[in-house]
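The values are calculated or read from the model by the stated rules, or taken from the named source; none is laboratory data. Please read all numbers here as calculations on a predicted model, not as lab measurements. Don't worry about glycine lacking a Cβ; one is built from the backbone with ideal geometry, like all the others, and counts go over all protein chains shown.
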């Protein structure tokens, strides 16, 4: 067992972090927080507009500040943005304050799930497949570095089925602690 106060979901866009996270939170009796939604609520503007005005570096700086605040909460399921792991400090925060689950989805699954999505700034340039493959090459080793558990999230399974499957795997490895970070 790996005790921690919180459950953190990492992985690429389209892996199901938000939809599965909501269901896991309900199953586990925890509050659900989506980092991207919390960012937009706090900033009062979309992530896409933040990228447009401040660039990716400006967005990442704000994202890191909010993440540092959110990981201090207790008894939450936190769904991170796909790129939150790029910052070494973010990886350390996630590793030290929760049980980290990597929802791993292949590029074909991401393309299928994101086919109608036009709001993601990193998908707005060039060939989507090439961009997702490039992001995976950079980010997958970072996800692997901090994940306590890796769960395959590819395919056409619905979020309810995926959440039940993930919940069963998580239950075997994670015990919720009430002392703050990891024991």
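The conditions are (1) in contact with a helix residue (DSSP H, G or I) (Cβ under 7 Å, 6 or more places away or on another chain); (2) modelled with pLDDT of 85 or more, and residue 160 fails exactly one of them. Which is it?
The failed condition is (2).
Exactly one of these conditions fails for residue 117: (1) modelled with pLDDT under 95; (2) within 16 Å of the chain's Cα centre (by Cα). Give me its number.
All conditions are met except number (2).
With respect to the numbered conditions (1) in a helix (DSSP H, G or I); (2) surrounded by fewer than 18 Cβ atoms within 10 Å (Cβ to Cβ); (3) modelled with pLDDT of 90 or more, which one is the sole condition not fulfilled by residue 150?
Failing condition for residue 150: (1).
Inspect the stretch 130-147 for any residue being surrounded by 13 or more Cβ atoms within 10 Å (Cβ to Cβ), touching a strand residue (DSSP E or B) at 6+ places or on another chain (Cβ under 8 Å), at pLDDT below 90 and outside any helix (DSSP H, G or I) and give the result as yes or no.
no
May I ask you to list the residues in the stretch 1-20 that are at pLDDT 90 or above and under 9 Å from the mean Cα position of the chain (by Cα)?
8, 9, 10, 11, 12, 17, 18 - these are the residues of the stretch 1-20 that are at pLDDT 90 or above and under 9 Å from the mean Cα position of the chain (by Cα).
Hey, among 38, 43, 15, 26, which residue is surrounded by fewer than 24 Cβ atoms within 10 Å (Cβ to Cβ) and touching a residue at least 24 places away in the same chain (Cβ under 8 Å)? It would help to see each step written out before you state the result.
Details: 43 fails: touching a residue at least 24 places away in the same chain (Cβ under 8 Å); 15 fails: surrounded by fewer than 24 Cβ atoms within 10 Å (Cβ to Cβ); 26 fails: touching a residue at least 24 places away in the same chain (Cβ under 8 Å).
Every option except 38 fails the conditions.
Only one of these is in contact (Cβ under 8 Å) with a residue 40 or more places away in the chain, surrounded by 20 or more Cβ atoms within 10 Å (Cβ to Cβ) and assigned to a helix (DSSP H, G or I): 103, 94. Name it. If you could, list the steps in order and put the result at the bottom.
On the way: 103 fails: assigned to a helix (DSSP H, G or I).
On inspection, the qualifying residue turns out to be 94.
Yes or no: residue 183 out of contact with any helix residue (DSSP H, G or I) (no Cβ under 8 Å at 6 or more places or on another chain) and at pLDDT below 80? Lay out the reasoning, then the answer.
On the way: out of contact with any helix residue (DSSP H, G or I) (no Cβ under 8 Å at 6 or more places or on another chain): yes; at pLDDT below 80: yes.
When the stated conditions are applied, residue 183 passes them.
Within the stretch 73-91, which residues are surrounded by 19 or more Cβ atoms within 10 Å (Cβ to Cβ) and assigned to a helix (DSSP H, G or I)?
If the condition is that a residue be surrounded by 19 or more Cβ atoms within 10 Å (Cβ to Cβ) and assigned to a helix (DSSP H, G or I), then 84, 85, 90 are the ones that fit.
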